[in-house]
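Report on one structure; see the data block that follows.
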Amino acid sequence: MSKTTIQRILLFILLVLLQIWLFNNIHLFGVATPFVYLYFILKLPVKMNRNAVLLLSALMGLIIDIFGSTLGLNMFVMAIIGFLRFYLLKLFAPRDVFEDYAPSFETLGNFMFVRYVGTLALIHVVILHLMESFTLFDPVNLGLRITGSFILTVVFICAFESINIKGFKK
Amino acid sequence: MRNLVNFILKNVHWLLFFVLAFFSFYLSIHNNEFQRSKYLSVFQEIAGRVYQVSNSIESYMNLKTINSDLIQRVAVLEQELRTSKQEVEVLSELVYPVDVRHFTDAYPAGAYSFLPARVVNNQIARTDNNYITLNKGTLAGIKEDMGVLSPTGVVGVVVRVSPHFSKVIPVLNPKYHPSCKIKGTNFFGTLSWDGEDSRYISLKELPQHALFNIGDTVVTSGFSTVFPEGVPVGVVETTFKKKGENYNSLKVKLFTNFSALSEVLIAVNALKNEQLNVEKGESE
């Protein structure tokens, strides 16, 4: 196993643990929860097999679901995310890239990376909250929760990414 | 053929995506109580229509037994009506020299009226979550918390309604405990089902000093706004008392045959809101 594969496995475990123990318990102002585990799917190499990405992201959603007792919810959202990632990367990432090319601040550029993160995070929080409420009963509260979680998720992921860059350079 | 295989291989991620999405959607519907209830209220209407078709065929086959049940019940009621009419005549002449019957006409004869309905789905084979679906809903004036009776006895209470259907929790559900008493006395207890035999039910929390005999009839107490007083429930079969309990428990054989339930009556209490308001301490 290469060094990056081991790093990815560790990142997977770290993000799942962080999400279960820390981020799932954050409800800022009662509305905003960061979904930082998305970061793992964002950072997978652009050229990685689409089926593998799909299975990995669904697996991640399932694990989060099992520990958060929301069986199926996160898995459903993550299946959609894993599926759409390919099409989004077509928009954001350059076409001809080497094998291990992964999206980051450096490879995509600051602005493009934030846009890439923002799009996926938006899709994620909108679908997750719609699934969670299952109705349009309280649209104001729903909108607040979507906006809050979206901002918090993007901020946390960008922060995570900048820490990651520094960590790798050492 | 080869092209087809190639096409499928090339697009296998679509297949994988839909399999994953349907699987997780199924999981979330079946494991999260809230999503499940939303899903159910939408599909209850659809499922109800399907059951209605299959049941309209089935009900023809049960007509014979239902008819004989009904005729027996009519005969009993007729007999009761005659005797009580005679009693009333005798008593009113004794107590009131003047005819007072026109005074009583000014008041409602009873708070309850009855709507007929038909069972379209009957799930009483399970032990923990039995329910029955009826073919009438809000459009027929049915609301939640209305009592349901069969020609022979008590059935249950309406818990959820859609425009054309309503869901009933029968007494054969461990979660439902209506208040009942021994006919002719004022000793009351609560019914509860242990989830074993659909022909028997337990009457619990009956006071120790309550007088009763094996074979006595158990009827509803009329303490709630769900059932009128005196709806027959069953006959006392045996009595059992656990050590250290201050209450008697009775094993009661139900009058209602739940496995062949088809025609039911829904008890509509016209004075329900008034009673509830008074109990809550609010004026009309």
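Coordinate-derived values only; no laboratory data. The structure displayed is predicted, hence computed values, not measured ones. Every residue, glycine among them, receives a Cβ derived from its backbone with ideal geometry; neighbour counts consider all protein chains shown.
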If I take R0 = 41 Å and measure r between the Cβ atoms of B:A47 and B:R199 in this structure, what FRET efficiency does the formula 1/(1 + (r/R0)^6) give, to the nearest 0.05? 0.90
If neighbour count is taken as other Cβ atoms inside 10 Å, put B:I266, B:I57 in order from fewest to most. B:I57, B:I266
Stokes-Einstein D for the range A:1-103 at 20 °C, 1.002 mPa s, Kirkwood Rh over Cα pairs, in µm²/s? 148
Lysine pairs, Cα distance under 25 Å, 8 or more residues apart or cross-chain: how many in chain A? 12
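Sort B:H177, A:H124 so the one with the fewest other Cβ atoms within 10 Å of its own Cβ comes first. Could the numbers behind the result be given before it?
Working: B:H177 15, A:H124 24.
The most exposed by this proxy come first: B:H177, A:H124.
From the cross-link list B:K167/B:K272; B:K136/B:K272; B:K85/B:K181, which pairs have alpha carbons spaced over 22 Å apart? Show your work: numbers first, answer last.
Numbers: B:K167/B:K272 20 Å; B:K136/B:K272 20 Å; B:K85/B:K181 25 Å.
Long pairs (Cα-Cα over 22 Å): B:K85/B:K181.
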Extent of the protein assembly as shown along each principal axis, from alpha carbon coordinates, in Å, largest to smallest? 107, 59, 49
Simple spin-label estimate for B:F7/A:F86, 7 Å along Cα→Cβ, in nm, reads 1.7
How far is the Cα center of the range A:110-145 from the Cα center of the range B:245-261, in Å? 53
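Tell me, what is the FRET efficiency for B:N67 and B:K253 to the nearest 0.05, using R0 = 22 angstrom and their Cβ-Cβ distance as r? Numbers along the way, then the final one.
Numbers: r = 23 Å, r/R0 = 1.04.
Given R0 = 22 Å and the Cβ-Cβ separation, E is 0.45.
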So for A:M60, B:M61, fewest C-beta neighbours within 10 Å to most, what's the order? B:M61, A:M60
Per 5 Å bin, what percent of the C-alpha pairs of chain B does each bin hold, from zero upward? 1, 5, 9, 12, 14, 14, 12, 10, 7, 5, 3, 2, 2, 2, 1, 1, 0, 0, 0, 0, 0
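Is the range B:126-265 best put as rounded, prolate or oblate by its Cα gyration tensor, with a ≥ b ≥ c the root eigenvalues, rounded for a/c under 1.5, and otherwise prolate when a/b is larger than b/c, oblate when not? Please list the in-between numbers first.
Values: a/c = 2.10, a/b = 1.82, b/c = 1.15.
Prolate shape, in that a/c is at least 1.5 and a/b is the bigger ratio.
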List the pair-distance distribution P(r) of the range B:197-284, using every Cα-Cα distance, as the percent of pairs falling in each 10 Å bin from 0 up to the bin containing the longest distance, rounded to whole percents. 14, 35, 29, 20, 3
Let's test the formula: R0 of 45 Å, r as the Cβ-Cβ distance of A:F111 and A:L10. What FRET efficiency results, to the nearest 0.05? 0.95
When the helices in chain B are scored as -39500 (n - 2.57) per DSSP H run of 4 or longer and the sum is shared across all residues, what 222 nm value do you end up with, to the nearest 500 deg cm²/dmol? -13000 deg cm²/dmol
